[in-house]
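The values are calculated or read from the model by the stated rules, or taken from the named source; none is laboratory data. A quick note: this is a predicted structure, and the numbers were derived from the prediction, not measured. Positions of Cβ are generated from backbone atoms using ideal geometry, with glycine treated the same way; all protein chains shown enter the neighbour counts.
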Amino acid sequence: MIDLTSELGVRASKRLQGEYVIWLTTVSQDGTPQPNPVWFFWDGKSLVIYSQPTSHKLKNISRNSRVSLNFQVDDEGGDVIVLTGNASIDKKHPPIDSRYIEKYRAHIPEIGLTPESFAASYSTLIRVSPTTLRGF
């Protein structure tokens with residue numbers, strides 16, 4: 001678990017709770033980093049991400065569970081927050097977390113879906129447990 005009580009940790013915590021997009025980087029079979037912007041929900045211990053079951057990121061995580069996550073920097077290149085951690089995939093298709101749906105309810109129609117169709121399409125749960133935090 002990362003320390004969210006330090007100055008950097010407090011900044012990271014605010015962003016984990018308030019941001020809508022984080023970049024998830026997995027590694028492809030040939031070793032190429034594969035960054036993807038994803039929606040997420042911070043449950044206080046891990047990042048909850050939902051994915052379409054055929055996405056490349058799931059294949060990458062199946063081969064190598066080590067991932068990194070980072071937020072967009074500010075206009076001057078500051079407010080850098082980078083997390084690394086271990087990702088796990090739950091293929092049992094658990095019901096989508098209602099807190100996640102509430103967070104993105106206004107954004108889901110922007111991608112042409114309803115909350116119900118989003119939950120059906122993005123049915124695979126990825127849970128990332130952060131182990132390190134760095135930034136400036």
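Observations on the model:
- None of 3, 74 is acidic (Asp, Glu), touching a residue at least 12 places away in the same chain (Cβ under 8 Å) and more than 23 Å from residue 108 (Cα to Cα) except 3.
- Failed condition for residue 2, given (1) farther than 27 Å from residue 117 by Cβ; (2) surrounded by 13 or more Cβ atoms within 10 Å (Cβ to Cβ); (3) modelled with pLDDT of 95 or more; (4) of a type in the set (A, V, I, L, M): (3)
- If you go through region 32-75 and keep only what is of a type outside the set (A, V, I, L, M), surrounded by 19 or more Cβ atoms within 10 Å (Cβ to Cβ) and part of a helix (DSSP H, G or I), you end up with 57, 60.
- The requirement of being assigned to a loop (DSSP other than H, G, I, E, B), within 18 Å of residue 20 (Cβ to Cβ) and within 12 Å of the chain's Cα centre (by Cα) is fulfilled nowhere in region 80-101; no residue meets it.
- Hits in region 116-130 - residues which are within 22 Å of residue 46 (Cβ to Cβ) and either part of a loop (DSSP other than H, G, I, E, B) or not polar (S, T, N, Q) (or both): 118, 119, 122, 123, 125, 126, 127, 128, 130
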